[in-house]
Amino acid sequence: MITRLRRLRRTPALRALVREHDVLPRNLILPLFITEVESEPTEIHSMPGVKRWPVDRVNEIAQEAADAGVGAVLLFGIPAEKDDQGTQASADEGIVQQGVRALRAGGFDGVVITDVCLCEYTDHGHCGLLDDAGTVLNDPTLQRLADTAVSQVRAGADMVAPSAMMDGQVAAIRDALDDNDYEHIPILSYSVKYASSFYGPFRDAADGAPKFGDRRSHQMDPGNGREADREHAVDVEEGADILMVKPGLAYLDIVRRTREAFPEYPLAAYNVSGEYSMVKAAAAQGWIDERAVVLETLTAFKRAGADLVLTYHALDAARWLAS
Ligand code: PBG
């Protein structure tokens, strides 16, 4: 007797009946760049289809996403002023804080998440404060991150997402939120973030490239897998509500092992800028079918074990899924 696995693949209806994993718009998170530098929506050269949005226009794109069913937006800021402390990250009139308030004032009813890091706000482009030798200081940075998170929540953020990869950042932020009566605000931790070359286009988009050196002293080494379990465990201990693996596609093994090691936690995967740009570039050449490739990729994240996917394709994908 031949084992006939094709029996359940014969028609679209049969395939749909037995499909194990589906992508849903409500599980997608759309990253948005809010700019204090430009006064019109401005295309990002290395990320076709992605724009930097001025505060007075950000509701358009956020509402479009929500109307398409996208579950949340994640805000990044491009400030007009940078300094060595990243002062604008935690300023109540900072660009992300203004953006959150604009969304709230405009009646946006989706989930608003804010990225908590200093790299877009420091003149040196590093994720934390530096000593004279240019080393990123861990503990002095924690207070800056905590202040940033509190000011974002004061502006109206529903959730904060620390991405600086400082040890102890989740605990510092949790304490600060609790001290300010924001004990109800969850933390989406970039718990496992690799020192990846796939962030290149983002650094154009957010103008956050380090002016010297790199991020290898705090982001994870791509050669390490077991260490991811320790990073997640520490963040769970410190109070993370949602775990994340970043980047996504080259790290689906880490998504899978995280799902197995922390079965009871919501897990997000970040389909980062370089992954997006590669798809857009190949599609522009006519070498791949963008829609099919994107939906297949998002399905792969779900199959690997992610509940949520942060992706620049979120709005397109949500529309494709609806049609
Ligand atoms: C840091 C941050 C980065 C990304 C998200 N948050 C850049 C970095 O660590 O260098 C990258 C996201 C992407 O590439 O899409 N604030």
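Couple of notes before you dig in:
- The phi-based Karplus calculation (6.51 cos²θ - 1.76 cosθ + 1.60; θ = phi - 60°) puts the 3J(HN,Hα) values of the stretch 110-122 at x, 7, 10, 10, 10, 6, 10, 7, 9, 4, 7, 10, 8 Hz, whole numbers, x for Gly and Pro.
- Summary value for the chain: 18 percent relative contact order, contacts being C-alpha pairs under 8 angstrom separated by 6+ residues.
- DSSP-defined antiparallel bridges as percent of all bridges, the chain, nearest 5: 10
- Computed log10 I(q)/I(0) for the chain at 0.07, 0.10, 0.16 Å⁻¹: -0.27, -0.55, -1.46, from the Debye equation with unit scatterers placed on every C-alpha and solvent omitted.
- Extents of the stretch 194-248, taken as max minus min of Cα coordinates on every principal axis and listed largest first, are 33, 24, 20 Å.
- Straight-distance crosslink candidates among lysines, where the alpha carbon sits under 22 Å from LYS246 and sequence neighbours closer than 8 are dropped: LYS51, LYS193, LYS280, LYS302
- Annotation: extensible slack from LEU17 through ARG303 equals 101.3 nm (criterion: 0.36 nm per residue apart, minus Cα-Cα distance).
- Carbon plus sulfur fraction of accessible area for the stretch 82-143, probe 1.4 Å, in percent: 48
- Kirkwood-based shape ratio for the stretch 251-322, expressed as Rg/Rh from alpha carbons: 1.01
- C-alpha long axis of helix 273-284 to longest principal axis of the chain, angle in °: 50
- Cα-based helix-to-principal-axis angle, 95-105 vs the chain, degrees rounded to 10: 60
- Across the stretch 250-264, computed HN-Hα scalar couplings (Karplus, 6.51 cos²θ - 1.76 cosθ + 1.60, θ = phi - 60°) run 6, 10, 5, 5, 6, 4, 4, 5, 5, 4, 6, 6, 10, x, 8 Hz from first to last residue, x flagging Gly and Pro.
- Projected onto planes of every orientation and averaged, the convex hull of the alpha-carbon atoms in the stretch 150-228 covers 6.5 nm².
- Helical mean residue ellipticity (222 nm; -39500 (n - 2.57) per DSSP H run of 4+; nearest 500) of the chain: -11500 deg cm²/dmol
- Whole-number accessible area per residue in Å² for the stretch 237-308, which is evaluated in the context of all protein chains at 1.4 Å: 43
- Relative to the dominant Cα principal axis of the chain, helix 169-179 is inclined by about 70°.
The values are calculated or read from the model by the stated rules, or taken from the named source; none is laboratory data. Note that the coordinates shown come from a computational prediction; the quantities given were computed from them, not determined experimentally. Just the protein is used for accessible areas: all its heavy atoms, side chains included, with ligands, DNA and RNA removed. Shrake-Rupley method; radii C 1.70, N 1.55, O 1.52, S 1.80 Å.
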